[in-house]
Amino acid sequence: KHGYFTYDPGFLATGSCESSITFIDGAEGVLLHRGFPIDELARDANYLEVCHMLLHGDAPNKEEYEEFENTIKRHTMVHEQIHMFFHGFRNDAHPMAMLNGTVGAMSSFYHSDLDVSNFDMRVRCAHRLIAKMPTLVAMCYKYNIGQPFVYPRNDLSYAANFLNMMFSVPAEDYKISPAVERAMDRIFTLHADHEQNASTSTVRLAGSSGANPYACIAAGVASLWGPAHGGANEACLNMLEEIGSVDRIPEFINRAKDKNDPFRLMGFGHRVYKNHDPRATVMRESCHEVLKELNVQDPLLDVAMELERIALEDPYFAEKKLFPNVDFYSGIVLKAIGIPTNMFTCIFALSRTVGWISHWHEMMSDPAQKIGRPRQLYTGHNQRKYTPIK
Ligand code: SDX
């Protein structure tokens with residue numbers, strides 16, 4: 001029916017969906033956003049161009065881009081009272097816990113003027129979220145390290161504004177390197193959307209009841225946090241640090257193969273890609289570029305490169321179709337930029353918010369949209385008589 005595949009109408013009843021946003025061919029390692037290949041977008045577009053195409057349906061022309069960028073810049077501040085929410089967290093709270101809480105709290109600021117059946121209101125909600133996530137993520141970091149929050153600046157690009165809110169302090173401005181700004185923007189693009197992954201499906205299912213979209217995005221943040229999903233980039237860097245040196249790689253490769261050992265190579269394998277993750281290829285390139293431009297000699301990169309080489313030569317990994325995914329190299333780039341490991345998944349959530357909210361908007365724009373109701377295979381008791389407790 002769609003040129004790529006056909007499906008029976010019953011397919012849609014299971015809470016799965018029809019979407020025109022992203023196409024993945026797992027066997028061929030293809031990822032298209034509105035038909036554009038991810039490697040071309042990562043090299044030739046910026047993240048806001050990708051946000052425009054995901055949300056509004058196509059790549060923007062120059063005028064559309066300038067209007068979109070100005071709209072996003074008008075929404076980068078958060079309500080001043082959001083600052084109060086942070087003071088309810090312990091300083092050592094995990095940034096994802098604070099992000100989950102504050103994104104959910106935004107539903108308390110935006111509800112009365114939000115009719116989810118109204119197209120324009122949904123688009124404004126999407127603009128607000130795309131604009132405010134960098135501010136909230138940077139606030140999580142600043143609260144963790146005891147530094148004052150930094151307000152957004154509209155004279156900076158999306159990526160530069162985020163980096164400035166993360167790293168500038170009242171005592172001195174943060175000097176933004178073009179290589180770091182480019183790498184940050186590329187990381188945002190490579191994580192922007194990925195079809196019906198666990199967190200996007202969470203947002204769609206929560207939103208299918210008509211729930212407040214900010215609360216639905218908070219549900220997406222919660223799902224992404226898991227180490228099997230967006231938490232993998234943090235887990236991957238922790239794993240590389242645990243391996244520590246190239247000579248210890250065989251020990252971990254053997255553990256990954258041992259059925260009795262729960263250890264998994266973080267950053268390897270994928271639910272859908274069974275050949276290669278096209279995002280990892282671009283991320284690997286960025287990794288080398290950033291480390292070279294910043295003149296960073298990170299021994300963890302040596303460990304990562306050798307781990308990738310050994311794993312890809314080992315027949316076990318080929319048989320299990322295990323290869324580096326998008327999270328394998330992103331952590332090394334983020335570390336090189338100076339972002340601490342516990343912030344990695346927040347960066348993923350920042351990037352993926354446009355995917356989540358674009359899928360939500362697409363679903364809510366469908367007049368035939370129904371509340372999701374995934375099916376189950378019942379494996380419990382047959383009907384039987386209840387005996388009350390004497
Ligand atoms: C993301 O869905 C998305 O699109 C997600 C994502 C996105 O953009 O939204 O792409 C982002 O989440 C990327 C994946 C990040 N996660 C990790 O890197 C964590 C490590 N990877 C694994 O947990 C695992 O590979 C998954 C969860 C990613 C995929 O799991 P699957 O497809 O269910 O594969 P599986 O668990 O059935 O594994 C198949 C076999 C198993 O062996 P058998 O039971 O067949 O003997 O491969 C083995 C697994 O034991 N295996 C691994 C492994 N991943 C799978 N063995 C060692 N190390 C691994 N990483």
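The values are calculated or read from the model by the stated rules, or taken from the named source; none is laboratory data. All of these numbers come straight from a predicted model, not from anything done at the bench. Cβ placement follows ideal geometry from the backbone for every residue including glycine, while neighbour counts extend to all protein chains displayed. What goes into the accessible areas is simple: the full protein's heavy atoms, side chains included, and nothing from ligands, DNA or RNA. Shrake-Rupley method; radii C 1.70, N 1.55, O 1.52, S 1.80 Å.
Summary of computed values
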| read-out | value |
| --- | --- |
| Complete set of residues in the range 224-266 that are within 9 Å of the ligand (Cβ to nearest atom), farther than 22 Å from residue 318 by Cβ, in contact with a Gly (Cβ under 7 Å, 6 or more places away or on another chain) and at pLDDT 90 or above | 224 |
| Residue that is over 26 Å from residue 155 (Cα atoms), open to solvent by less than 50 Å² (accessible area, probe 1.4 Å) and either modelled with pLDDT of 95 or more or in a helix (DSSP H, G or I) (or both), where the choices are 93, 131, 126 | 93 |
| 2 or more residues within 16 Å of the ligand (Cβ to nearest atom): qualifying helices (runs of 4 or more DSSP H) within the range 138-208 | 178-190, 198-207 |
| Residue 226 under 26 Å from residue 359 (Cα atoms), open to solvent by less than 10 Å² (accessible area, probe 1.4 Å), assigned to a loop (DSSP other than H, G, I, E, B) and not basic (Lys, Arg) | no |
| Residue list for the range 326-350, filter: near the ligand (Cβ under 10 Å from one of its atoms) and either among the hydrophobic types (A, V, I, L, M, F, W, C) or surrounded by fewer than 24 Cβ atoms within 10 Å (Cβ to Cβ) (or both) | 326, 328, 348 |
| Single condition residue 295 does not satisfy, out of (1) of a type in the set (S, T, N, Q); (2) in a helix (DSSP H, G or I); (3) more than 16 Å from the ligand (Cβ to nearest atom) | (2) |
| Residues within the range 160-180 that are over 17 Å from residue 139 (Cβ atoms) and crowded, with 21+ Cβ neighbours inside 10 Å, tallied | 1 |
| Answer residue from the range 267-286, given it is away from the ligand (no atom under 13 Å from the Cβ) and more than 19 Å from residue 28 (Cβ to Cβ) and is most open to solvent (accessible area, probe 1.4 Å) among those | 285 |
